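Student: Handing you a structure now.
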Amino acid sequence: MPADIERLYDEHAQALFAFLLNLTRDEDDTRDVLQEVFVKLARQPELLRAARDARAFLIRLAHNAAIDLMRRRSVRTRHNEQFGAEKISPFAATADPDETAFRDELSAALGELPPDQRAVVHLKLWEGLTFEQIATVLEIPQNTAASRYRYGLDKLRDRLRPIYEEIK
Amino acid sequence: MNRDEQFENRLSRQPVKPVPPAWRAEILSAAERAADSVHASRITRHVPWWRELFWPCPQAWAALATAWLLIVGLNVVSRESLPPTLARRVVPPSPQIRDLLKQQERLFAELVGPLEKSVADRPKPATPQPRSARREEFLSA
């Protein structure tokens, strides 16, 4: 196996895992997609050589694989939006009850967002990407990335306002 | 910092779950298997040209080659079994046969006549005449 794969895993698996878990809300699906990404890289190492930003390229691969999975799954569930509305939280557990309540609400609110908004919100908030980078990664126009973020954030704010004001 | 930025900061500070440690070995071993299978398929792809030529059905090619060898072998064997002078020997005709042939030739010439007709016997080619001349011929008749 190319040593590059191990290095890539160590450098990027955490970010890909969080993104995929937020997107799929299913640990098995996350694992499948993550494995699919690294298997693809092992089979075609030349893919990454052409990429300027490895993280952005890997997120794009993961996103495309997750979208494919969601499309396959939507045939079964009929509604794409049901995908990700499950109870699996992408956030770490904490002993603080206020934080736990906030993270649970945030996780539920994220789960209610459409997957395209959820992807943009995740990349902006938890990956720290700019709208330009998000647009490149998700292969969408920059304005679309910005508007999806605004819509998503507005929904989160509306949903989380009571608990946010309470624990602020 | 306005309220929106505070809200965004609050969200972005939420730590995400760590990737399960056990996944590393599983995913990397799956990637290793995939890389090995690609490597193996690349090795098998580099076969000599003659093997690629015969690859689709070597039995059929072998049967065809055997049939050709059999044909060539039979040909050689049958040529060797013939007497060597049989094909090349030319028997000169006897004087009686020569006389008989000349007699038949003369008889044939008498029956058929000369092959080339004389120039006077040949029919003239039909040349079209002007219609007015024909009309005069018709009227005079």
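Student: For a quick check of understanding: with a 1.4 angstrom probe and all protein chains in place, what accessible area in square angstrom does A:R159 have, to the nearest ten?
Tutor: For A:R159, the solvent-accessible surface is approximately 80 Å².
Student: Protein chains only, probe 1.4 Å: how do B:L111, B:L74 rank by accessible area, largest first?
Tutor: B:L111, B:L74
Student: Next question. Rank by packing, highest mean first: peptides A:133-146, B:16-29, with packing defined as the count of other Cβ atoms within 10 Å averaged across residues.
Tutor: A:133-146, B:16-29
Student: At 1.4 Å probe size, what's the solvent-accessible area of A:D104? Round to the nearest 10 Å².
Tutor: Probe radius 1.4 Å; accessible area of A:D104 about 90 Å².
Student: Quick one: compute the contact order of chain A, relative version, from alpha carbon pairs under 8 angstrom and 6+ residues apart, as a percent.
Tutor: 23
Student: Suppose each label sits 7 Å from its Cα in the direction of the beta carbon; what would the B:Q104-A:D98 distance come out to in nanometres?
Tutor: 13.3
Student: Nearest 10 degrees is fine. How inclined is helix A:54-77 to the longest principal axis of chain A, computing both from alpha carbons?
Tutor: The angle comes out at about 70 degrees.
Student: In whole Å, what are the extents of segment A:14-66 along the principal axes defined by its C-alpha atoms, from largest to smallest?
Tutor: 31, 19, 17
Student: Could you state the per residue volume, in Å³, of the convex hull enclosing the Cα atoms of chain A?
Tutor: Here the figure is 124 Å³ per residue.
Student: In a GNM of chain A with a 10 Å cut-off on Cα contacts, which of A:K124, A:K155, A:K40 has the highest mean-square fluctuation?
Tutor: A:K40
Student: Going from the alpha-carbon gyration tensor of segment B:1-44, what semi-axes, largest first and in whole Å, does one get by taking the root of 5 times each eigenvalue?
Tutor: Computed over segment B:1-44, the values are 45, 14, 4 Å.
The values are calculated or read from the model by the stated rules, or taken from the named source; none is laboratory data. Please read all numbers here as calculations on a predicted model, not as lab measurements. Glycine gets a Cβ as well: all are built from the backbone with ideal geometry, and neighbour counts include every protein chain shown. SASA here: full protein model, heavy atoms, side chains in, ligands and nucleic acids out. Shrake-Rupley method; radii C 1.70, N 1.55, O 1.52, S 1.80 Å.
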